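The values are calculated or read from the model by the stated rules, or taken from the named source; none is laboratory data. Bear in mind the structure is a predicted one, so any value in this text is a computation, not a measurement. No Cβ is skipped: glycine too gets one built from the backbone with ideal geometry, and neighbour counts run over all protein chains shown. Note: areas computed on protein heavy atoms with side chains; ligands, DNA, RNA excluded. Shrake-Rupley method; radii C 1.70, N 1.55, O 1.52, S 1.80 Å.
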Amino acid sequence: MTDDTKSEELDDTNETDDEEGDTETDADESPSAEGADSDEDAEPAESEPAAAPAKAEPAKGDKKADAKKGDDKKGKGKKADAKKARDEEPAKPHSIDGHPHDLPPMTNSEAIETLFTGTGSESVPTEPSRSSADDDIEDVTMPASSPKVLAIVLVAVLVVLGVGFAMLPANLKQDAVALLKGQDIIELRRNREEARVAEERRQMLANAPKFGTVQIVADPSNMLVTSPGQPAMIFPGSRNDMTYPSRTRVTYQDISVTEDFVFTIDGEGNLQNKTFTIPAFGATDSPWVQSFSGDYAASLTFVVCWPGQPAPVEEKFCLYPVPERAAELQWRRDWRPDPNETDPEAIIRLPGSITVTSDPPGALIAFNGQQLVDEETGEPHRTPYTFNTYNAPRDREDRTPLEVYLSREGLPLQLLYDGKASTRFGVYAHQFTCTLKDGAQPPAPLAPDAPADAPAPTWLGLCDYSYSVHVALVDPKPPEAEGSGEGSGAAAAPAGSGAHE
């Protein structure tokens, strides 16, 4: 049905109503039903939007009543204008969300005026289904946030972050700070691990026993060393029946590193005695060294510093000769037999004599592996005893005694006493002292302007050499308890130290 047809039907209906004399109250019967029909016709389908101008078609009975009221107010002349405005006006949806809004109740005449003329009770024409709520939806203005609320939120966030940071482990805190600073946390973690390992080692070393081992070496070797509180005779290794004097290249064990350690090197007449103090660990000049495992060790080497020559070591490690013996001792150190002499009988050695005493006396004596006995009676010699010859080996037919001579390598001397541990040590050339022979004069020293390659004055044939030694014999070492795992006090010392070097 077209709009023209609808208009004609409305006109016919109005005429019929005028003739019959129907009142307005007749047209207003069943207002609720009219409203329901109007709402149902006005609601568009949700799935299909309106494509062409369209208006909700009111019920037939309502049309008649509204048309009659329109004739009373406006007349038929206005109907054509309303029809023309309605045709030109595009259809609009009832609401922006596809659902009709709740509108205040309207009379039929007001609805007709709104639909066809747009001049009802509204002052400004508008969409019938549109309300002020729709305008609010399109133009929403958010209220400004309160600065106080923002400050509270900011403080709350900072508190949460601070509490979370405080609960982190120390290493993660460092990582977080490093990240904020732009640092490399991988390098930071590696350095932290190295520092942790170093600190663990430091703690381990700090808790390690504060005892160490001291080794004393000298050139010339086999010089007598004594120290308060330390034994003068040492048992080598696990042996309980043999000792040797504590001479250079000796090793002292279980020495406290928290206090000074003092010892003396005996020059035995040719060199000045040397007393040396090892400072406690931690001192600036302390020779104590702590290994990675926590053990302490100190090694000291002493050498002879000759007058008029540069010292080869620090002054505190110098051994000085007795002034009146320095020239002969230096010559003896450098003297060698003539290498051009090939006749064995012509080989010249420096002869000497040895005096041995012991406590207790009466100890048997063996020199260079041969026991000293009287060749005629077979009676062994005992301490105290002085000799410049010793017996030939027993398998040798020629029983002529052999001559005692000065040896740089050292010749072994051993004492045996019943009930005491045997004692063995070496006798070296530098231990002999020179006594000028009757009528001999010491050679004149070199002139200060003598060439550097000028031979030193010789002392050959001017000295009688002698060596005296006293030995305190000790009891054998008691056997160790089985399974104790403890070694002897000289366990760290070489078996050949001092006695047969």
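In this label model, residue 193 and residue 371 are separated by 6.9 nm, measuring between points 7 Å along each Cα→Cβ vector.
Converting phi to 3J(HN,Hα) with the Karplus coefficients 6.51, -1.76 and 1.60 and the offset θ = phi - 60°, segment 236-245 yields x, x, 9, 6, 9, 10, 9, 9, 9, x Hz in sequence order, with x at every glycine or proline. Both the radius of gyration and Dmax for segment 261-338 are 16.3, 53 Å, in that order, over alpha-carbon atoms.
The fraction of accessible area contributed by carbon and sulfur in segment 428-480 is 60 percent, rounded to a whole number (1.4 Å probe; ligands and nucleic acids excluded). Under 5 Å between amide hydrogens, built in the peptide plane, is the criterion, and for residue 468 it picks out 355 among residues at least 5 positions away or on other chains. If you wrap the Cα atoms of segment 360-452 in a convex hull and average its projected area over all directions, you get 10.4 nm².
Sort out for me the Cα centre separation of segment 216-235 from segment 438-480, rounded to whole Å. That distance is 21 Å. Here segment 234-258 is scanned for amide nitrogen atoms under 13 Å from the site 7 Å beyond the Cα of residue 316 along Cα-to-Cβ, giving none.
Equivalent ellipsoid of segment 351-409: semi-axes from √(5λ) of the C-alpha gyration tensor, largest first, are 19, 16, 9 Å. A DSSP coil position with no more than 15 other Cβ atoms inside 10 Å describes the following chymotrypsin sites (Phe, Trp or Tyr not before Pro) in segment 265-334: 292.
The share of Cα pairs per 10 Å bin across segment 191-258, counted from zero up to the longest distance, runs 17, 33, 22, 17, 10, 1 percent.
Calculated on the alpha-carbon coordinates, the convex hull of segment 210-351 measures out at 192 cubic angstrom per residue. When you filter the GluC sites (Glu not before Pro) in segment 191-283 for DSSP loop state and at most 14 other Cβ atoms inside 10 Å of their Cβ, you are left with 259.
With q set to 0.17, 0.18, 0.24, 0.29 Å⁻¹, the log10 of I(q)/I(0) for segment 245-291, from the Debye formula over equal scatterers at the Cα positions, is -0.60, -0.66, -0.97, -1.15.
Proximity of backbone amide H atoms, modeled 1.01 Å from N, is registered between residue 303 and 219, 319 at under 5 Å, excluding neighbours fewer than 5 places apart on the same chain.
Reducing segment 260-297 and segment 385-417 to their Cα centroids gives an inter-centroid distance of 36 Å. For segment 181-220, a Kirkwood hydrodynamic radius built from all Cα pairs, placed in the Stokes-Einstein relation at 37 °C and 0.692 mPa s, yields a translational diffusion coefficient of 239 µm²/s. The phi-based Karplus calculation (6.51 cos²θ - 1.76 cosθ + 1.60; θ = phi - 60°) puts the 3J(HN,Hα) values of segment 441-446 at 10, x, x, 6, x, 5 Hz, whole numbers, x for Gly and Pro.
In sequence order, segment 315-328 has phi-based couplings of 4, 5, 9, 8, 10, 9, x, 4, x, 6, 10, 5, 5, 5 Hz under the Karplus curve 6.51 cos²θ - 1.76 cosθ + 1.60, θ = phi - 60°, and Gly or Pro positions carry x.
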